[in-house]
Amino acid sequence: MYDESFAEKSTYFDSVKFIQYLDENTALEEVRNGNLDVYYYTVSPDRLETNQAREGLQVFDSTGGSYSIIVNPAESEEFNPFSNQEIRFALNYLVDRKLIVNELMGGYGAPIISYYTPSEPEYLTVIGQLELFNFKYNPGLANEIITKALKEKGANKINDKWQMNEKPITITMFIRSDDPVRKSIGEILAVELERVGFTVKKDFGDLNKAYVVVYGSNPSDLKWSLYTEGWGRSAFVKYDSIGLGQMYSPWFSNMPGFNDPTYWNYKNDKLDELTQKIYTGDFESSEKRSELIQEAVIEGVNESVRIFLASKIDQYVVNNRVIGIVNDFGAGVPSRFTPINAKSDNNEFVIGVKQIYQAAWNPVMGLSDSYSRQIWGIISDPATFKHPFTGETFPIRAEWKVETAGPNGKLDVPQNAKVWNPTLQKWSNVYPNTLATSKVVFDFNFSNWHNGEKMDMNDILHSLYFTTEWGTQTDENDKTFDAEFTPRAAQSIETIIGINPIDKDTLEVYVDYWHFDEGEIADWAVLWSSMPWEITVAMEKAVIDGKVSFSRSGATSKNVNWLSLIIPNDANTIKDYLQEFKDSNYIPEALNENNQNLKYYQNRYDSSIKWIEKNNHAVISNGPFYLKSYSPESRTITVNAFDDDSYPFKIGEWSKF
């Protein structure tokens, strides 16, 4: 049935096509009749209740997603009730989590009150803390808390409606209308808030609109008060170091204000300190790490800026003739391994998606929505990844050897180890007698980039240059600063003590980082690049010149495009810079010590220029598929198999999953 004679291939399919299907009922029928192989979005359980309804289908239950409400806590000229912590906290009694799970989700989920869901390894760490909150649906109690707080602020209730300074206290709810469950959550909460006496204004839209109204506006302008969020996971993670920072802490640029210096910003030093310690491995033992997580969860739930409602069990439908689906414990059926490992009688794998293009495609602060990440996951190979069923770090493109003196000892760092110095704009050797907690030796598995040039150590060195340069703000006028990226990068570069290239594909990395699991040390220390260095150099120049921004908030505040390499206009901007580099024999500062001849740089620029001319986009990576085309008219993105002898993984590599 399957022709296995193409031994040199790395995937069973020649191409994968992603097509937008907003309506899941249509998508369900298309999977059943074989026009789609799989739909990358949950199908309502009531559509799959009987044997007849499941005819022609395989149905997979996947954990991983969750729903939350983000609350706008901004101080503003106009009165904002949610700037008060008690009123935000009262929302926990106003939402009926059981109703959401049982009625809206058909029982396919569980009520949650924090970022951690019952299917996650970290849930056991915090279960005791979560039970102390004992949240139940109790609108009477919510009303009491809100009434007391509003009266203290000087508000009055006239004809059952709250007023402040003789004006109704109005709440704007931004409700996602492209997701039936979130639409219903928004509608139900709006009714509850009106019962309490607020005047509620409803604003509906999809993620594109949310990026502008919720994540893109100054919170103190009060364009939104509450927003119905949905979250997906791209992997199952045993030791989560990022989640609490991402969901509760200002430093991660995912809380109201989003670290845009021109906006009102939510501040919480306690959460920042706790979650930065979890993130950077600043703990002496597994017990100490658990304490940090417990404290951070309590503070996050108490603050109630992001309120979690329910975790989901998603039901994914796959056509009967497809085999090889990898149902990751975190990402579910849309795991990166599914399109790489799946097979059927056809040469093309056709995937229905809820949205084809939202946000922006750039590897710095784009690719931030699950729709683009699902595609990016098969275009780009990471250095390490999380095992889909244990959540432990395992090597994909980098084998490692870890040596650590942590948590309390130190190792000597050799004097020929170097770091990028943003002030001097060059690589500098470490100071004599420099010490580090851990040393990791990486052996990289390089291959060709999609444009035919070989990956090399320059790509790795340049990625460290970039993280250091953009993770350090030398002064107010520093052009290599991004409100969203810089605070995150700053955390990791503080721990990178030095690197030492050993040969063309081996690198020693010295870090002040310890974890009781060696795989986590390797995962923290690994350097990798998902795009050729010349594309990064061109992106950087375009941002410094003020033509585009890496991040959403930067784009909004500077009134430029959020850089997206998949869009012809932005791709051409990148191409123009590459042409300029080629014509002027430009060698980036970060790479000018490596004694490569000029021809090397010229070839690099040339190959990427030709790629952009041929493909009309600038998405070049190193995965088993490459981006063939994006068609806004037909709402499709097609990727083709990268049949290149240098690609290290052959067909069936991930069938063990």
Exercise. Taking the Cα centre of the range 64-311 as origin, sum charge times position over the Cβ atoms of Lys and Arg (+1) and Asp and Glu (-1), and report the length of that vector in debye to the nearest 20.
Key: 580 debye
Exercise. State to the nearest 20 debye the size of the charge dipole of the chain about its Cα centre, where the only charges are +1 on K and R beta carbons and -1 on D and E beta carbons.
Key: 1120 debye
Exercise. Could you tell me the largest-minus-smallest coordinate of the C-alpha atoms of the range 84-236 on each of the three principal axes, in descending order and whole angstroms?
Key: 51, 37, 28
Quiz item: If we count other beta carbons within 10 Å of each Cβ, what is the order of ARG604, ARG47, fewest first?
Solution: ARG47, ARG604
Quiz prompt | Value of [θ]222 nm, deg cm²/dmol, for the chain, DSSP H segments ≥ 4, -39500 (n - 2.57) each, nearest 500 | solution = -9500 deg cm²/dmol
Quiz item: How much FRET efficiency would the formula 1/(1 + (r/R0)^6) give for LYS270 and ILE544, where r is the Cβ-Cβ distance and R0 is 30 Å, rounded to 0.05?
Solution: 0.30
Exercise. For every other residue with a beta carbon closer than 14 angstrom to the beta carbon of SER253, add +1 if it is Lys or Arg and -1 if Asp or Glu, then tell me the sum.
Key: 0
Quiz prompt | Positive-end residue, the chain charge dipole about Cα centroid, Cβ charges, pick of ILE567, VAL402, PHE135 | solution = PHE135
Exercise. Quick one: which residues, 5+ away or cross-chain, put their amide H under 5 Å from the amide H of ASN561? H built at 1.01 Å from N.
Key: SER549
Quiz item: Roughly how many Å is it from the Cα centre of the range 479-495 to that of the range 437-454, as a whole number?
Solution: 23 Å
Exercise. Enumerate the amide H contacts of ASN362 below 5 Å, restricted to partners 5 or more residues apart or on another chain; note that Pro and chain-start residues carry no placed amide H.
Key: LEU367, LEU565
Self-check item: Amide H within-cut-off set for PHE385, under 5 Å, with H built and near neighbours excluded
Solution: PHE394, ILE396
Quiz item: Tell me, TYR357, TYR116 in order of fewest to most beta-carbon neighbours within 10 Å?
Solution: TYR357, TYR116
Quiz prompt | Global form of the range 499-657, assessed from the alpha-carbon gyration tensor, a/c cut-off 1.5 | solution = rounded
Quiz prompt | Beta bridges by DSSP in the range 64-311, antiparallel share as percent, to the nearest 5 | solution = 65 percent
Self-check item: Test item: Cα-centred dipole of the range 548-621, Lys/Arg +1 and Asp/Glu -1 on Cβ, debye
Solution: 220 debye
Quiz prompt | Label-point gap, in nm, between GLU284 and LEU141 - each point 7 angstrom along Cα→Cβ | solution = 3.8 nm
Quiz item: For labels at VAL191 and PHE60 in the simple 7 Å Cα→Cβ model, what's the distance in nm?
Solution: 3.6 nm
Quiz item: Length gain on complete extension for the stretch SER655 to SER177, per 0.36 nm per residue less the alpha carbon to alpha carbon distance?
Solution: 168.3 nm
Quiz prompt | Whole-Hz ³J(HN,Hα) from phi, Karplus 6.51 cos²θ - 1.76 cosθ + 1.60, for the range 18-32, glycine and proline x | solution = 9, 10, 6, 10, 5, 8, 5, 5, 4, 4, 4, 5, 5, 5, 4
Self-check item: For the range 634-643, Karplus couplings with θ = phi - 60° (6.51, -1.76, 1.60), whole Hz, Gly/Pro x
Solution: 8, 6, 10, 10, 10, 10, 10, 4, 8, 7
Exercise. Return LYS17, LYS238 ranked ascending by Cβ neighbour count within 10 Å, so the fewest neighbours appear first.
Key: LYS238, LYS17
Exercise. Multiply the residue separation of GLU49 and PHE389 by 0.36 nm, subtract the distance between their alpha-carbon atoms, and state the gained length in nm to one decimal.
Key: 119.7 nm
Quiz item: Which of rounded, prolate, oblate describes the range 346-502, given a ≥ b ≥ c as roots of the alpha-carbon gyration tensor eigenvalues and a/c under 1.5 marking rounded, otherwise prolate only if a/b is larger than b/c?
Solution: prolate
Quiz prompt | Rounded to whole Hz, the Karplus (6.51, -1.76, 1.60) HN-Hα couplings of the range 550-560, x for glycine and proline | solution = 5, 10, 4, 6, x, 4, 5, 6, 9, 6, 10
Quiz item: Counting pairs on different chains as well as pairs 8 or more places apart, how many Lys pairs in the range 531-620 have Cα atoms under 23 Å apart?
Solution: 19
Self-check item: Prolate/oblate/rounded label for the range 177-224 (Cα gyration tensor, a/c 1.5)
Solution: oblate
Self-check item: For the chain, fraction of C-alpha pairs farther apart than 47 Å, in %
Solution: 16 percent
Self-check item: Listed residues SER177, SER44, ALA155: farthest to the positive end of the dipole of the chain (Cβ charges)
Solution: ALA155
Quiz item: Hey, what did the chain get for relative contact order, percent, Cα under 8 Å, at least 6 apart?
Solution: 19 percent
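FYI, it's all coordinate maths here, none of it is from the lab. Remember, predicted model here, so these are calculated numbers, not experimental data. Note: ideal-geometry Cβ built from the backbone for every residue, glycine included; neighbour counts use all protein chains shown.
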